[in-house]
Each structure stands twice: as C-alpha cells, then as structure tokens.
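Shown next, in structure tokens, is the structure this report addresses.
The values are calculated or read from the model by the stated rules, or taken from the named source; none is laboratory data. Here the structure is a predicted model, which is why all the values come from computation and not from measurement. Quick reminder, even Gly has a Cβ in these numbers, built from the backbone with ideal geometry, and neighbours come from all protein chains shown. We work out accessible area using only protein heavy atoms, side chains counted, and drop any ligands, DNA or RNA first. Shrake-Rupley method; radii C 1.70, N 1.55, O 1.52, S 1.80 Å.
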Amino acid sequence: MSTICELTSIIEKDIAETHLTESKRDAVAKELNEKLTAGSIILAQTNPISGDVAGNATKAAKWIKWANMLNVEAIIFPELYLIGYPIGDFIDRFPIIVEENEEWLNALAKITKKVKVIIGYAKRNEEKYGKKFYNAIAVMQNGEITNIIKKSLLPTYAEFNDYRHFEPAQIDSGSRIIDINKKKAGIIICEDGWNDKDFFEKNLYKDDPVETVVKEQQPDYLINCSSSITRAKKEQLKHNMLSFAAQKYRTPIVYVNQVGSNDNISFEGASRVYDSQGKLIAMAKSYEEQFFIANPFNTEQNKIYPLVNGLEKTLTSQKAFTLDHEPDLERTYLTIIQSIRDYFRKTGFKRAVLGLSGGLDSTVCATLLTDALGAENVLGISMPSKITSEESKSDAQRLAHNLGINFCEISIKDMYETTRNKFDNIFSEVEKKWDCRYKESFTNDNIQARSRALILWGIANEFGSTLPIATSDKSELYMGYATINGDMSGGFAPIADVTKTKLFALAKWLNKNRTKKNAIPEEIIAKRPGAELAINPKTQKPLLAEEALMPYEFLDEIIWRVENLQQSITQMMEAKFLYETKENITPEQKMEWLEKFFKRMSTALYKWSIMPPSPIVDARSINKSEYTQPIISSKINYKKTTQEYKIKKIIQS
C-alpha cells in the first residue's frame, strides 16, 4: 500500500509530465481517497511564471482536475497565481494581460465541480477612481465564480511595490467568509496578515484585516494566500508571526505560499497549517512544487516536512551580527540554486560561461551553476594575464576537473598589450586638449577585466542559449571593488547578495554537503582573495583585496549595521564591532576604515544600478529591485558625520 506522500508524488509527476493513463489516474485517486479524512484540503504550492497567463492557467487546470477526483473540500492557490508574481509594470503597459487572466479565470471556473477552488489573480477596477486593478482572490465551485476577495494592505517596501499598480480595498469582513465543509473560512491575502499590533513594534498600516475578520465574523479558521519571499531571518519571522496570530485569536491558520524564483526574488514555499494553539500541525516541502494535502482539524494524516537545515536553530534568535553563518547556509544554497535554475528555464537559456580565476568568487559561482544546470552545461575559462600566478591557473583547472565542467585556458596577454598600445596613442592625443589626466589610474586593471568579459560575451554570442555570468560578491560591490563591463558584466549574478565571510563559509559547506564531496580545492578556500589585476608596490606581489579595502570581517559588519540598524559613522564609532573583540585596533584605524567604506560606497551607486539580475538572499540588499538611490546623491553626508563625531569627542574630552 502506498502512503499519501507517495500518491501525491505520483500526482505531481503527472501534472508536470502527463504520464498517466486515465485508468491509472482513477486507481491513484481511489487509493488516495481511502486514506483521506473528512475536511481535507489541497495546498497548491506552485511555481508560476510572471506574465505567462496561459501557461499558469493550463497548469492550474491540471491541479483542479486532480482535485475533482479526490475527496477534498478545497484546493488553494497562492496570491496572484494566474498572472504570476511579481508583476512589475507590465500590467500597466500591457493591460490586455489582465483581461487575459480574467478570461482564463472564467475558463477555469467552468471545469470546477464540488471542490472549491481558491485562486489568486489580478482584477480590473471598474470604478471611476483609484488604481486600475485589484489584487484579488476568486472562489469557484460547480462551474461558477462564487466569491471575489480583494486585498486591503498593499506593501511598498523592499522588493514590494504593490500600491504602484493595485487599489487597496476596504476591509469588508463579510465578503471574506466562505463555507468549506460547513465551516467558516476567512480569506486573507498575504500582507493582510502582516499587521498585528501586538506582534510588531511598529505597524505600517492603521487597520488589521485579520483582527477585523476574526472579531466581526468569528471564522472557524483563516486561509492566507501568499507570495512571500525568502530572506535571511524571514522564515523565523514568518513562523513566529503565524503561530502568534493563531494562538492570539484561537483560530487555525492555513498558509499557502508560492515557490520558485522570478528574476531577483525567490519564494521558498513551505506552505503550512497552525492549529488554534499556534502549534504547527502540517508543513509542505521547501523549494519544491507540491500537491500538499492537509487537514486543519484532523491531524491524523498530516505531514510536517522539516524546515531547511539550520533554520530551526534560529527561530527565536535576536537580531545581531554574527560570523556563524552555518544556520543559514543551506537556505542560501537552495535559494541561489532555485534562482539560477528558474531564471535559465523561464528565459530559455540552457548553458552558462564564466571566468575561472582560481579565486573564491568564481569558484563558488561555478559550483552553484554546476548543481543548478548540470556540469555539461557549464564552461569555465581561465584567462590569465602576465600578473596571474601559476597557482591560480592550476587551482582553476583542478576545480573544473573536480566539478566535471567544460574548461579551457585562453591568455589575454595579447589582448591587453594591443589595447594598452592603442590607448597610449589615444591618451596622448587627448592630453593635448585636456590637462586633467590622472597620475595613477585603474586603466590597466580594467583592460584586463574587460578583455575577459569580451571573451565571455563573444562565446555567448556564438553559441546558442548561453549566458555569461557575473561573479561579484556583495562585500566588494559595496566598496565598488568590481569592474563595470568586466567582472560585473554578465546576464546573471549568482552571489551579488552574499557577503565575503558568508561566501567562505558557503564554500566549506559545499565541500561537506554536495553529493560529490570536496570538489573545491582547499587551497582556494585558504588563500587570501585578490583580483590579480595590479601589483602592491609595498610587497611587489599581486595586490590583495583586504590590502585595498579592509579586513572582510570588519567590512561585513559595517554592511550589516548599515542595512539592519541604519547606523552612521558616529554610531559605529561608538559601537563595539565583533572584529574588535578579537583584534586590537586604534580609534584612528577604525575611523579610517569607516571613512573608506562610506566614501567608496558613495561612488559605487552607479555600479549597483547596472548589475544584472541576482537572487536576493540577505535580510537587506543593494539589489535594484529593492534599493534605489539617486546616483547624484552619492556624497551623502559621510564627511559631515565624520566631522560630527570628531567634534563630539573634542567636547567630551
């Protein structure tokens, strides 16, 4: 006899591949129905494609047809499923897509039977005032649309910009109640459930739809249709918030979340059910589509799949900077793998080409790409210059061999020399007209980096479905320690939201946890990072990154304090960094590093604005889908805060 999990896995495969005959489907449905308890519902944890209404609807039809064969009361899809989330500006530029999603909604309604279908879509606003559309949920049954619920709280922070497109609806608690198996279910749409005044210290909105629905309608349980992304510490917040609300109102909560990635943002799924005491009683898998069956009132058949390894350890942790990245490494890995895989699949690309320098950034990128796309679809190229060490070349070659990816070595020495000679002639002519030539410049560094990018783009232009990869990490992007049209150039940037200290930890984690262990040579992890683009005049060796910047442990804590605490130089000077508990540094040295950070960050804004798509991983990021700042504001008061700190110290003394 098969288990419920085994049978639903067969259903998931049939939805994806349509591999079962009608008789086999009937047999699977019959066996599964014998195991289901009264009141069971399906949490349709799906991976839609933004803008692909026909594709999303066609997939939904398969899920609905399977639901019709089972003894379940309802099937619940995520927020905005039909049109795909995130929506961006395409619904304003091409409103016909909204019409199309409404047409498909009506078509799906016709195939519904006794099982209620609860599904997210974009609804046109027929009123003369307000935004053109509503973020809505449709309830369908027996060939008809029976209820429409409209979202009230529209986020406009971080990566969310819902209010740009949607009209916030008045909280009509009565319209949010539907009957499922003689029980009253209240419908909540994602952000509608994120405004509990007893849970959050500061609320973004005046009203709380959950409180209104529970107090006015007293539902037997709540259903939250969501598209909630994964970020560092987000799972902890989500779990605690949902558990708190269920316990506070003595009302079970069914939470259905999207899975998959779209451009920069990723959804981890992990749909779940909490009972009226706030206890988790059912949870779907993370990072997988799943036809997940649960029962809010009978836990006999429920399954609780474990969270991603490490997250359980930090469910109650406080906000603080740490170098213990272990609890978040598997989530980081799965987020990036899903992002790579979905970006390539949804855009039609199949192969990736990247430069292999023998350094940490390109090494981790190559490993992640291999796991996401398959070794046969990855090409790593060593592109040495006259500065490149033999060690770097051999490390790159050994990594490629260990991963099993395609590999070749192409020297850029001749490209560099040709370009440098041409530039010298050009610069001599320009110098006759302008007297502002730098005594020292990064021209030589950039020629090398851009020569390498030219090779990668050339390969992508010549070979089908191939995308070049940008390998910059978050720490160095903050400092502008990356070359425009060089190592920043590519069609996708896998690690642009991963700091250097976390990257070191991730490399070690990959060696322990991949199927093929220890693929990354230990020498790569042990070596101090450096771009090998310039010589340090003090050591006469290739300039190391920390020599040009500062210790990564200190740098990454600055980033954390900027993003999570919004601290100024003055506040950071008064705070004790984790690095200071291990190393003795003078106030002068600390100030020097802080000034360097803020100065370099202020000139890096332009570089952030042209980064290719990259998965958001951290709690906060500089990804342009989340953070924007006018480039002309780049001199943003860092000098003033430095002066304020110095004046304050003088007064105190």
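Here the calculated FRET efficiency for Glu103 and Asp324, from their Cβ-Cβ distance with R0 = 35 Å, stands at 0.10, rounded to the nearest 0.05. For the chain, the longest principal axis of the C-alpha atoms and the axis of helix 500-513 are separated by about 60°. Against the chain, whose longest principal axis is taken from its Cα atoms, helix 638-652 shows a tilt of about 80°.
Of all the accessible heavy-atom surface of the stretch 123-264, with the other protein chains kept in place and a 1.4 Å probe, what percent is carbon and sulfur?
Numbers: 2630 of 6110 Å².
That share works out to 43 percent.
Quick check: with the 1.4 Å probe, what order do Leu549, Leu237 take by accessible area, largest first?
Working: Leu549 0, Leu237 60 Å².
Result, largest first: Leu237, Leu549.
I'd like to check one number: the per residue accessible area of the stretch 561-603, probe 1.4 Å, reported in Å² as a whole number.
54
Which shape class applies to the stretch 195-236: rounded if a/c is under 1.5, otherwise prolate when a/b exceeds b/c and oblate if not, where a ≥ b ≥ c are the square roots of the Cα gyration tensor eigenvalues? The partial results should precede the final answer.
Working: a/c = 2.52, a/b = 1.42, b/c = 1.77.
It comes out oblate by the Cα gyration axes.
Solvent exposure of the stretch 445-556 amounts to 38 Å² per residue of accessible area, where only protein heavy atoms count and the probe is 1.4 Å. Comparing Cα centroids, the stretch 396-450 and the stretch 576-600 end up 33 angstrom apart. In terms of the mean number of neighbouring beta-carbon atoms within 10 Å, the peptides 375-388, 93-106, 579-592, 436-449 order highest first as 375-388, 93-106, 436-449, 579-592. For the chain, the longest principal axis of the alpha carbon atoms and the long axis of helix 234-249 meet at an angle near 30°. A simple spin-label model places pseudo-atoms 7 Å from Cα toward Cβ; at Thr586 and Ile148 they are separated by 7.1 nm. Applying a threshold of 27 Å to the alpha-carbon distances of Lys512/Lys538; Lys30/Lys182; Lys59/Lys113 flags Lys512/Lys538 as lying beyond it. Loop-located chymotrypsin sites (Phe, Trp or Tyr not before Pro) across the stretch 148-189 with a Cβ neighbour count of 14 or fewer within 10 Å are Tyr157, with loop assigned by DSSP. If a/c stays under 1.5 just call it rounded; otherwise compare a/b with b/c (prolate if a/b is bigger, oblate if not). Do that for the stretch 92-216, with a ≥ b ≥ c from the square roots of the Cα gyration tensor eigenvalues. Taking the square roots of the gyration eigenvalues as a ≥ b ≥ c, the stretch 92-216 is oblate. Label-to-label distance for Lys132 and Ala61 is 2.7 nm, based on points extended 7 Å past Cα in the beta-carbon direction. Solvent-accessible area of the stretch 323-438 (1.4 angstrom probe, protein heavy atoms only): carbon and sulfur portion equals 51 percent.
Our note on the geometry: Cα centres of the stretch 236-306 and the stretch 13-61, 19 Å apart. Site pair Ser389 and Asn513 shows an inter-label distance of 2.9 nm when each label is modelled 7 Å from Cα along Cα→Cβ. Working note: Karplus 6.51/-1.76/1.60 with θ = phi - 60° gives the stretch 386-400 the couplings 5, 8, 4, 7, 5, 4, 5, 5, 5, 5, 4, 5, 5, 4, 4 Hz, where Gly and Pro are set to x.
Give me the percent of accessible area attributable to carbon and sulfur for the stretch 477-609, probe 1.4 angstrom. Could you put the intermediate results ahead of the total?
Numbers: 2900 of 5730 Å².
So the carbon and sulfur contribution to the accessible surface is 51 percent.
Its Kirkwood hydrodynamic radius, worked out from the mean inverse distance over all distinct Cα pairs, puts the stretch 1-142 at 16.1 Å. Compared with the alpha-carbon gap, the fully stretched path from Asp414 to Thr628 is longer by 73.1 nm at 0.36 nm per residue. Calculated from the alpha-carbon coordinates, the chain shows an Rg and a Dmax of 27.1, 88 Å respectively.
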